[in-house]
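Working notes for the structure below.
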Amino acid sequence: MKLYDISRPLTKATPTWPGDTAFQYTVNWPKSESGSVNVGKLVMSIHTGTHVDAPFHFDDHGKTTLELPLDLYVGAARVVDVSGRASIGADDLAGIDLSGVTRLLLKTMSWSEPETFPAEICYLRPDLPPFLAEKGIRLLGLDVPSVDPLESKELPAHHGLHQHGIYILEGLLLDAIEPGDYELIALPLALSGADGSPVRAVLRR
Ligand SMILES: Nc1ccccc1C(=O)C[C@H](N)C(=O)O
Ligand SMILES: [Zn+2]
Ligand SMILES: [Zn+2]
């Protein structure tokens, strides 16, 4: 059975938020010293590459990663092409059938150079969260590093989605994915106290 990998590879070159911590893997305790094994150490911002945001990321009282509802990150998902737009609002999805969809992945194609952090991305307008909640969406995934404009401090889309019970999956790689229905698997790690988690996100037909 074919799996479509929709995760951005984590390498030294993976771009991250300006000023944030890039991905670093080192063999911290080499076999030559331990006598038996290479033991690695991982340093990275949780928001580098493909990841979920826990509500604690933007709300001091929000759920942390270990408290996230796992069932949202596994199951039927619809991929919708919304490319070529500067932002996405209810209007942009009005003509699309979203009945029975719990997990929605938006293909914006607005992060064109994967080797550099984007200067501008497609973001969500404030009328989108209530519209999606009304359709029954509980998880929203995008192929960009944020659901808000990059320079936003108020984060209206993050807060709006949260207020409507919609969880966020960011930094997907959807270039090679045809719009349609899939099964999504993108489980966060069981990280205590954390503001999100890197995920290995895959789709299967
Ligand atoms: N990592 C950062 C460093 C500094 C400032 C913002 C971020 C973010 O991650 C914000 C974005 N809204 C996000 O959830 O991915
Ligand atoms: Zn994030
Ligand atoms: Zn975010």
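Summary of computed values
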item	result
Net +/- balance of residues flanking GLY62 in space, Cβ distance below 15 Å, scoring K and R +1, D and E -1	-4
Accessible surface of the chain [probe 1.4 Å, protein heavy atoms]: carbon and sulfur percent	53 percent
J(HN,Hα) series, the stretch 154-159, from Karplus relation 6.51 cos²θ - 1.76 cosθ + 1.60, nearest Hz, glycine and proline x	7, 6, x, 6, 4, 5
TYR167 long-range amide H proximity, modeled H, under 5 Å	LEU139, LEU140
Among 152-163, 192-203, 60-71, the order from most to least packed when residues are scored by Cβ within 10 Å on average	192-203, 152-163, 60-71
HN-Hα J in Hz across the stretch 73-86 - Karplus 6.51, -1.76, 1.60, θ = phi - 60°, x for Gly and Pro	8, 9, x, 4, 9, 10, 9, 10, 7, 10, 5, x, 10, 6
Quarter of the Cα convex hull surface for the stretch 4-204, i.e. its orientation-mean projected area (nm²)	12.1 nm²
Amide proton proximity set for ARG8, modelled H, under 5 Å, gap of 5+	THR50, LEU173
Integer Hz, Karplus 6.51/-1.76/1.60 couplings in order for the stretch 169-180, x for Gly and Pro	10, 10, x, 5, 10, 10, 3, 8, 9, 6, x, x
Whole-Å distance, taken between Cα centres, linking the stretch 161-197 and the stretch 1-73	14 Å
Rel. contact order, % - alpha carbon contacts under 8 angstrom, at least six apart, the chain	31 percent
Cα gyration tensor shape for the stretch 65-168, rounded if a/c is under 1.5, else prolate or oblate	rounded
Antiparallel DSSP beta bridges within the stretch 4-204, as percent of all bridges there, nearest 5	60 percent
Förster radius 25 Å - calculated FRET efficiency between GLN163 and ARG85, Cβ distance, rounded to 0.05	0.60
The stretch 50-205, accessible area per residue, ligands and nucleic acids excluded (1.4 Å, Å²)	45 Å²
Cβ-based charge dipole, the stretch 4-204, positive-most Cα from TYR73, SER146, SER83	TYR73
Gain upon complete extension [ASP175, ALA190; 0.36 nm per residue less C-alpha separation]	2.5 nm
Only Lys, Arg (+1) and Asp, Glu (-1) charged, at Cβ; the stretch 52-121 dipole about Cα centre in debye	240 debye
GLU183-LYS31 pseudo-label distance in nm [points 7 Å out on the Cα-to-Cβ vector]	3.6 nm
Residue list for the stretch 164-205, given a label point 7 angstrom along the Cα-to-Cβ vector of HIS61 and an amide N cut-off under 17 Å	164-165
Over the chain: helical MRE at 222 nm, DSSP H runs n ≥ 4 each giving -39500 (n - 2.57), nearest 500	-2500 deg cm²/dmol
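The values are calculated or read from the model by the stated rules, or taken from the named source; none is laboratory data. Because the structure is predicted, anything quoted here is derived from the model rather than measured. Neighbour counts are summed over all protein chains in view; Cβ atoms, including those assigned to glycine, are modelled from backbone coordinates with ideal geometry. Areas reflect the complete protein model, heavy atoms only, side chains present, ligands, DNA and RNA absent. Shrake-Rupley method; radii C 1.70, N 1.55, O 1.52, S 1.80 Å.
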